[in-house]
Each structure stands twice: as C-alpha cells, then as structure tokens.
1. Sequence neighbours fewer than 8 away in the same chain don't count; with that in mind, list the lysines whose C-alpha is under 18 Å from K109.
2. Taking a 1.4 Å probe, which of S137, S156 shows the most accessible area, and what order do the others take after it?
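The values are calculated or read from the model by the stated rules, or taken from the named source; none is laboratory data. A quick note: this is a predicted structure, and the numbers were derived from the prediction, not measured. Heads up: the accessible areas ignore ligands, DNA and RNA and are worked out on the full protein's heavy atoms, side chains in. Shrake-Rupley method; radii C 1.70, N 1.55, O 1.52, S 1.80 Å.
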Amino acid sequence: MTKEELGELIMREQEGFYRIAKTVIYEDCDVGDALSEAIVKAFANLDTLKRDRYAKTWFVRILINECYNILNKRNRLVYVDEEELKASEKPQESSDYSELYLALEELPKEQRLCIALYYMEGYSVKEIASMTESTVSAVKNKLLRGRKKLKELLESPIEQSA
C-alpha cells in the first residue's frame with residue numbers, strides 16, 4: 001500500500017475511526033490526539049502492513065493502542081482534588097447524548113469497544129479478535145455480556161419511571 005492509498009483510507013473512514021476512539025476515550029481533545037498519533041505511526045510503519053486488504057483493521061489496532069496509551073498517561077496523573085478525580089472518571093452528561101450512548105458509557109471498556117466495533121462499525125468477531133489481540137471466544141463473551149448489560153441499563157429507566 002502506498003502512502004497516498006493510506007491517506008485516502010483514513011479520509012474515507014475518518015468518521016468510523018473517530019467513533020472507535022470515542023468509544024475508548026471520551027474527551028474530544030484526547031480523541032483528536034489519539035487519531036493524530038495513530039496517523040503518524042501508521043505512516044511511519046506502513047512497511048509493517050503485510051496485506052493491503054487488512055489496512056483498515058491494521059489502522060484500527062494502532063488507533064486502539066494509542067487510545068489506551070492516552071488513558072494510561074491520564075491514570076498516572078496525580079489529582080490534587082477529589083472533585084477533579086471524580087470529574088475525570090466520567091464525561092459530563094450532555095443533552096446531545098442518546099440513551100444508548102449513555103448506556104454504552106456504563107459498560108467496561110473492553111465490552112464497550114467490542115460492541116462499538118461489531119454493531120457500529122460492522123467488523124466481524126474474527127476481525128475484532130485480531131484488533132483487540134484477543135480470542136474469538138473472548139470477543140463473543142464480551143459481546144454477550146455487553147448486550148445483556150445494555151439491555152438492563154436501557155430497561156431500568158423505564159421501570160423506575162413507572
């Protein structure tokens with residue numbers, strides 16, 4: 001694959017890549033940083049891509065790693081104030097988030113990522129296993145648990161208001 005082809009792929013799939021990064025980390029500035037770093041690393045390591053048809057999966061793996069790098073750096077910060085710590089753990093609720101997106105935020109990050117890759121981005125279980133460096137059965141279990149938890153989360157507000 002040439003650098004031009006990689007650039008075209010990134011431009012064509014940028015919305016999907018953004019959603020994947022947003023699934024792992026919440027702050028838009030961090031998502032932008034992860035995307036930027038992933039793009040730089042992808043271009044720098046283009047020679048490691050074995051087959052062009054796996055370019056999208058290869059890039060997603062780089063992006064996921066960058067998201068986790070940002071989260072790890074954030075977790076190493078020493079918080080001076082307990083309120084600041086609580087504020088950093090969850091994104092601020094906003095009226096533009098749907099119930100589904102808010103419910104997704106409640107899932108553990110591994111389940112949330114698998115759900116987003118499978119349902120929002122249309123990747124197969126095998127591709128997700130490759131991207132997350134996991135097994136097919138582990139991905140299936142995360143999808144199963146994630147769907148079950150989402151169902152519980154989405155049904156609970158209805159029961160509380162009745």
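1. K22, K73, K86, K90, K140, K142, K148, K149, K151
2. The ranking, largest first, comes out as S137, S156.
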